[in-house]
Amino acid sequence: MNTKPDVYLFGQVLGTHSFLLKDGFLQPDEYAEIREHYFLPGGETGTAATVLSSLGVSVRMDGTWIGSEVAPMLKAFYADKRVDLSPLHFTEEDPGVMDYVVIAGLVRSPMGRFQALFSSGKRWWNVPGEADVTGCRAAAIDPFFGKESLLAMEICQRNNIPYVTIDSPHDSLLHRNAAVNVVSKECTSQHYAGMEPEEVMKRLMETASGLTILTQGGGDMLYGRRGEAVRRMKPFSVTVRSTLGAGDTFKAGCVYGLLHDLPDDDLVRFASACSAIAISRFPLPLHPPVLEEVQGLIERKE
């Protein structure tokens, strides 16, 4: 593994049990047939690492502590990929963080114990170290780990490393200092209920030093920078097999664009193409987008 990977990722890394149903989504008191079931790396950072490696980017991954049930799967999965797991903390004290996702086409429902974990008062993730970050040319920071997420941001700032974050509100430090902040429809529903997307974008752009992108599922993406007009772009049209990992793949596409200094329009288009390919297949970790097919999808649309 290269001692200086291209990208440092800090955030959620877990084991995901995904269940693709055969005939529609779960209904109360009705039997549902499982078509496919997998146990693979997941989480916002785990999925982004998988996608970036597939795009030819070397990654150093940091974040969630990895327990005894997740560790063997995680190590085996990344053994032949460009993903450095050395910062991760492996523990035998618990099975590890896992979630369970039921999927049927456009509909999915995740389950887990994250509320209990976050309310436990215990830290179950790493403290980022400067040595793990320095030398990287770009980063991505999940906002979920409080002062440790802010520490990762501070290390990036000290070393002039631009970073991508996700779902960070307009008044947060992670948003204000990010090169790219990708805000989902779920985030706007939580923090900006009742506001129109354009109004949310203007509020985000006013406090941003970088690019803000608002994704809306199948709706237009809105994006722009402070002092600019809000721009729009339609997502790519594909046949959806599973939406699991779509947002995480979009984030990975933004990191790739940041790493390669893509102009804003090209960065958003590239990330959207990555996400479109991701939702057209299942399971994503076994079939992540590769650079040639992302470029091909963009060329076909143009």
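The values are calculated or read from the model by the stated rules, or taken from the named source; none is laboratory data. Just so it is clear, the model here is predicted, and its values are computed rather than measured. Methodologically, a virtual Cβ is constructed for each residue, glycine included, from the backbone with ideal geometry; neighbour enumeration extends over all protein chains shown.
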Considering only residues that are in a loop (DSSP other than H, G, I, E, B) and touching a residue at least 40 places away in the same chain (Cβ under 8 Å), look in the stretch 153-185 and name the one that is nearest to residue 254 (Cα to Cα).
179
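Residues are listed down the side, and each one gets a yes or a no for (1) in contact (Cβ under 8 Å) with a residue 24 or more places away in the chain; (2) polar (S, T, N, Q); (3) touching a strand residue (DSSP E or B) at 6+ places or on another chain (Cβ under 6 Å):
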{"position": "248", "(1), (2), (3)": "yes, no, no"}
{"position": "251", "(1), (2), (3)": "yes, no, yes"}
{"position": "254", "(1), (2), (3)": "yes, no, yes"}
{"position": "259", "(1), (2), (3)": "yes, no, yes"}
{"position": "267", "(1), (2), (3)": "yes, no, no"}
{"position": "275", "(1), (2), (3)": "yes, yes, no"}
{"position": "284", "(1), (2), (3)": "yes, no, no"}
{"position": "287", "(1), (2), (3)": "no, no, no"}
Kindly provide the set of residues from the stretch 214-243 that are at pLDDT below 95, assigned to a strand (DSSP E or B) and within 18 Å of the chain's Cα centre (by Cα), ordered by number.
216, 242
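For the stretch 244-302, enumerate the residues that are assigned to a loop (DSSP other than H, G, I, E, B) and either hydrophobic (A, V, I, L, M, F, W, C) or under 19 Å from residue 59 (Cβ atoms) (or both).
So the first thing to find is which residues in the stretch 244-302 are assigned to a loop (DSSP other than H, G, I, E, B), and the list is 244-245, 260-263, 280-283, 287-290, 302.
Across the stretch 244-302, the qualifying residues are 244, 245, 260, 261, 262, 282, 287, 288, 289, 290.
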So, of the residues in the stretch 1-22 that are touching a strand residue (DSSP E or B) at 6+ places or on another chain (Cβ under 8 Å) and among the charged types (D, E, K, R), which turns out to be nearest to residue 57 (Cα to Cα)?
6
Considering only residues that are assigned to a helix (DSSP H, G or I) and out of contact with any helix residue (DSSP H, G or I) (no Cβ under 8 Å at 6 or more places or on another chain), which ones fall in the stretch 190-206?
190, 191, 198, 199, 201, 202, 203, 205, 206
Within the stretch 54-106, of all residues that are in contact with a Phe, Trp or Tyr (Cβ under 6 Å, 6 or more places away or on another chain) and small (Gly, Ala, Ser), the one modelled with the lowest pLDDT is 104
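Is there a residue in the stretch 206-213 that is within 19 Å of the chain's Cα centre (by Cα) and free of Cβ contacts under 8 Å to residues at least 40 places away in the same chain?
So the first thing to find is which residues in the stretch 206-213 are within 19 Å of the chain's Cα centre (by Cα), and the list is 210-213.
From what is left, the residues that are free of Cβ contacts under 8 Å to residues at least 40 places away in the same chain are 212.
Scanning the stretch 206-213 turns up at least one residue that is within 19 Å of the chain's Cα centre (by Cα) and free of Cβ contacts under 8 Å to residues at least 40 places away in the same chain.
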